[in-house]
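Asks: I'd like to ask you about the structure that follows.
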Amino acid sequence: MTSTVKTPTATTPPERGSRHGTGTAPGSGNSGAWKRRAPLLPALIFVIAVTQIPFLLTVFYSFQSFNLVRPGSQEFVGLQNYIDVFADSQFRGALFNTVLLTVVCVFAAMFLGLGLALLLDRKFLGRGIVRTLIITPFLILPAAGALMWKTTMFDPVAGLLNFVLGTDIDWLSEYPLGSVMVQIVWQWTPFMMLLILAGLQAQSKEVLEAAQVDGAGRWRTFVSITLPQLSKYLQLAILLGAIYIVNSFDAIFLMTQGGPGTSSTNLPYYIYQRAFEGFDVGQSSAMGVIVVIMTLIVATFALRLMFRTFSVNEGVK
């Protein structure tokens, strides 16, 4: 006689998060995300209040004819301020000086930073002290650095540059834009060096050793291995350097005041002149909006190029 034993059938437990289960209720994920993001809201509100609201006011004033020395002159003029800005020869000159200053300073600081990074990537006695001394110019306040170069280096009577060269040139009067470029390159070269040095130390030592075993010389190794490895670091250095140097104001304000005439005036200093010396709020706001738009266009193309480079390198790996 056989007896049949009934085995209990196993029931599959309900999935977590299902409608009848004991998991997380629908919508609780969103509430959890909001709880994690809630501490960031004060910072976000502060950033919006400090940056975006003033920019919106600048856009609003750019469509107004508004001069502080003429009370009651505020009226809507549409795009007239933008038309007047592009018709202004001084604005075009300041735009040219800005582009020239940015391009020369960025690439000069990058090449000098590359050379210093290659030297400091080697091991030698006192390398840490030398690195600290080279980084020092970047740690000095821009205003302090500009005053130091004006009074110590470029002074026509007691300047070190004339003392070393044996000349009596008034550098800030005869070569104003070049003098400003020298000071900015001096200050931004350590920044470029730090970025490039990080790229040099990130490259694979095994690949370099394999290149030496294969008989590749230093120049061949640098061109074929090191330089491609540094491409994304160089692009990052160019992008960040251009964003900051295009807004240079301290050096021009303290060293040349945009002169002689307008020979060393760039866009930030010219906007300052129109806003705080000419009290023309409308046209200075229009200039500010134009500068922001041009900067965003350049930064967007640079970021796309840099992201494409990062994605290609990651794909190769």
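The values are calculated or read from the model by the stated rules, or taken from the named source; none is laboratory data. Just so we're clear, the structure is a prediction, and the values are computed from it rather than from any experiment. Cβ: placed from backbone, ideal geometry, glycine included. Neighbour counts: every protein chain shown.
Asks: Picking from ALA211, ALA198, ALA216, ALA158, which residue would you name as being in contact (Cβ under 8 Å) with a residue 24 or more places away in the chain and either surrounded by fewer than 16 Cβ atoms within 10 Å (Cβ to Cβ) or over 16 Å from MET255 (Cα atoms) (or both)?
Replies: When all the criteria are applied, what remains is ALA198.
Asks: Further question: If you scan the stretch 51-65, which residues turn out to be within 32 Å of the chain's Cα centre (by Cα) and either in a loop (DSSP other than H, G, I, E, B) or of a type in the set (S, T, N, Q) (or both)?
Replies: THR51, GLN52, THR58, SER62, PHE63, GLN64
Asks: Please go through (1) at pLDDT below 90; (2) over 28 Å from the mean Cα position of the chain (by Cα) for TRP171 and return the number of the only condition it doesn't satisfy.
Replies: Exception for TRP171: condition (1).
Asks: On to the next question. Look through VAL164, VAL185 and report the one residue that is surrounded by 14 or more Cβ atoms within 10 Å (Cβ to Cβ) and either among the hydrophobic types (A, V, I, L, M, F, W, C) or out of contact with any Phe, Trp or Tyr (no Cβ under 8 Å at 6 or more places or on another chain) (or both).
Replies: VAL185
Asks: So which residues in the stretch 141-155 are surrounded by 22 or more Cβ atoms within 10 Å (Cβ to Cβ) and within 29 Å of LEU239 (Cβ to Cβ)?
Replies: The answer is ALA146, TRP149.
Asks: Looking for whichever is exposed (fewer than 13 other Cβ atoms within 10 Å of the Cβ) and within 23 Å of THR295 (Cα to Cα) here; the options are LEU56, LEU95. Which one fits?
Replies: Criteria check complete, one pass: LEU56.
Asks: As an exercise: evaluate SER173 against (1) loosely packed, with under 14 Cβ neighbours inside 10 Å; (2) in a helix (DSSP H, G or I); (3) among the small types (Gly, Ala, Ser); (4) out of contact with any helix residue (DSSP H, G or I) (no Cβ under 8 Å at 6 or more places or on another chain) and give the number of the one condition it does not meet.
Replies: (1)
Asks: Separate question: Go through the stretch 258-285 residue by residue and tally those that are surrounded by 20 or more Cβ atoms within 10 Å (Cβ to Cβ) and among the hydrophobic types (A, V, I, L, M, F, W, C).
Replies: Here the count works out to 3.
Asks: Follow-up. Which of the numbered conditions does ARG36 fail, given that it passes all the others? Conditions: (1) exposed (fewer than 14 other Cβ atoms within 10 Å of the Cβ); (2) modelled with pLDDT of 90 or more.
Replies: (2)
Asks: So, in the stretch 226-257, exactly how many residues are of a type in the set (Ser, Thr, Tyr) and either surrounded by fewer than 18 Cβ atoms within 10 Å (Cβ to Cβ) or not in a helix (DSSP H, G or I) (or both)? Break it down into steps so the answer makes sense when it comes.
Replies: Step one: filter the stretch 226-257 for residues of a type in the set (Ser, Thr, Tyr), giving 226, 231, 233, 244, 248, 256.
Those left that are additionally either surrounded by fewer than 18 Cβ atoms within 10 Å (Cβ to Cβ) or not in a helix (DSSP H, G or I) (or both): 231, 244, 248, 256.
Here the count works out to 4.
Asks: Another question about this same structure. Among the numbered conditions (1) under 16 Å from LEU194 (Cα atoms); (2) in contact with a Gly (Cβ under 8 Å, 6 or more places away or on another chain), tell me where SER264 comes up short.
Replies: So the condition that SER264 fails would be (1).
Asks: Give VAL164, VAL130, VAL103 a once-over and let me know the one that is under 21 Å from GLY259 (Cα atoms) and either part of a helix (DSSP H, G or I) or without any contact (Cβ under 8 Å) to a residue 24 or more places away in the chain (or both).
Replies: VAL103
Asks: Taking into account only those residues within the stretch 64-85 that are free of Cβ contacts under 8 Å to residues at least 60 places away in the same chain and under 10 Å from ALA286 (Cβ atoms), which is surrounded by the most Cβ atoms within 10 Å (Cβ to Cβ)?
Replies: Filtering the stretch 64-85 for residues that are free of Cβ contacts under 8 Å to residues at least 60 places away in the same chain and under 10 Å from ALA286 (Cβ atoms), the one surrounded by the most Cβ atoms within 10 Å (Cβ to Cβ) comes out as GLN80.
Yes/no matrix, rows are residues, columns are (1) more than 30 Å from LEU208 (Cβ to Cβ); (2) in contact with a helix residue (DSSP H, G or I) (Cβ under 8 Å, 6 or more places away or on another chain); (3) of a type outside the set (Gly, Ala, Ser); (4) modelled with pLDDT of 90 or more:
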position: ARG70; (1), (2), (3), (4): yes, no, yes, no
position: VAL77; (1), (2), (3), (4): yes, yes, yes, no
position: VAL106; (1), (2), (3), (4): no, yes, yes, yes
position: GLY115; (1), (2), (3), (4): no, no, no, yes
